[in-house]
1. Would you confirm, using the coordinates I've provided, whether I134 is β-branched (V, I, T) and open to solvent by less than 40 Å² (accessible area, probe 1.4 Å)?
2. Tally time: how many residues in the range 18-57 are open to solvent by 20 Å² or more (accessible area, probe 1.4 Å) and either among the hydrophobic types (A, V, I, L, M, F, W, C) or assigned to a helix (DSSP H, G or I) (or both)?
3. Within the range 87-94, does at least one residue satisfy the condition of being open to solvent by 40 Å² or more (accessible area, probe 1.4 Å) and either hydrophobic (A, V, I, L, M, F, W, C) or part of a helix (DSSP H, G or I) (or both)?
4. Output the residues belonging to the range 198-223 that are touching a Ser or Thr at 6+ places or on another chain (Cβ under 9 Å) and open to solvent by 30 Å² or more (accessible area, probe 1.4 Å).
5. Run V3 past the list (1) open to solvent by 10 Å² or more (accessible area, probe 1.4 Å); (2) touching a helix residue (DSSP H, G or I) at 6+ places or on another chain (Cβ under 7 Å) and report the number of the one that doesn't hold.
6. Out of all the residues in the range 139-168, which are open to solvent by less than 70 Å² (accessible area, probe 1.4 Å), under 27 Å from L216 (Cα atoms) and of a type in the set (V, I, T)?
7. Which numbered condition in (1) touching a helix residue (DSSP H, G or I) at 6+ places or on another chain (Cβ under 8 Å); (2) β-branched (V, I, T); (3) in contact (Cβ under 8 Å) with a residue 60 or more places away in the chain; (4) part of a loop (DSSP other than H, G, I, E, B) is the only one that I167 fails?
Amino acid sequence: MHVILIPGFWLDGDSWAPVTRALRDAGHTAHPLTLPGLRRRDTNRATVTLADHIAAVVAVVDALTHVEADGSENGGEDEDERPTPRIALVAHSGGGPIAHAVADARPTCLARIVHVDTVPLPNGMPINTDLPTIDGEIPLPGWSVFDDEDLVDLTGELRTWFQEIAIPQPALIATTPQSLSTPARFSVPATVICCEFPADQVREWMSEGAPFATELAQLTDLELVDLPTGHWPQFTKPTELSNAIITALHRT
């Protein structure tokens, strides 16, 4: 399966390195992405929009869809008769709403979305308007900004390393409301790997109608998987995270 890896805030495609290796060892083709504005620190990212990030992922989905269609046994037949592309998205944190927007744009192209300590946000809700913004970008803030649940297992050594690799996030990604319009997005199978909060807590939020969980509650094929750790399992528990992702892909 083609697996597109979407990083969370402040991170590039290399942040998925342990997961990328594990996916390739398991026979999948991994595509770790570095989204617009996250390639270098010395760049103007104030004008990079949420639509830019969504479009960057959609472009990869489209390219892989064409590759699979051209290589299928039915490659010369009607597009409607071609098999469903084997493309999955794996998204961490702020990448989750981006992955869901891609499902809104290309619902028939995706076999599954794996949300890593994140959920798909509903139409009209921004990803995070509380992070401190400086000149159109959001630098990685001090650790005191994060909740204790975020920082579980994130050792002093990992925190130092994270600060060294972190790239400021374009502010518009965090503050622009989600724009969704295609009901077929609800039919894309999804797995949520629950790290900060257990799956039972997520189910409770869904049943109570918590605003951020209303989109999640409408998915027709949803599984919740517990992986107890902090908000960055690709750093704190990379082996366990890789196994959980691979298991979800095998169930697809």
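1. Considered against the rule, which asks whether it is β-branched (V, I, T) and open to solvent by less than 40 Å² (accessible area, probe 1.4 Å), I134 comes out as no.
2. 13
3. So far as the range 87-94 goes, no, none of its residues is open to solvent by 40 Å² or more (accessible area, probe 1.4 Å) and either hydrophobic (A, V, I, L, M, F, W, C) or part of a helix (DSSP H, G or I) (or both).
4. Scanning the range 198-223 gives M206, A217, T220, D221, L222, E223.
5. Of everything listed in (1) open to solvent by 10 Å² or more (accessible area, probe 1.4 Å); (2) touching a helix residue (DSSP H, G or I) at 6+ places or on another chain (Cβ under 7 Å), V3 misses just condition (1).
6. V152
7. Here I167 clears every test but (1).
The values are calculated or read from the model by the stated rules, or taken from the named source; none is laboratory data. As the structure is a computational prediction, the values presented were derived from the model and not from experiment. A quick note on method: Cβ atoms are made from the backbone with ideal geometry, for glycine too, and the neighbour counts reach across all protein chains shown. Ligands, DNA and RNA are excluded from the accessible area calculation, which covers all protein heavy atoms including side chains. Shrake-Rupley method; radii C 1.70, N 1.55, O 1.52, S 1.80 Å.
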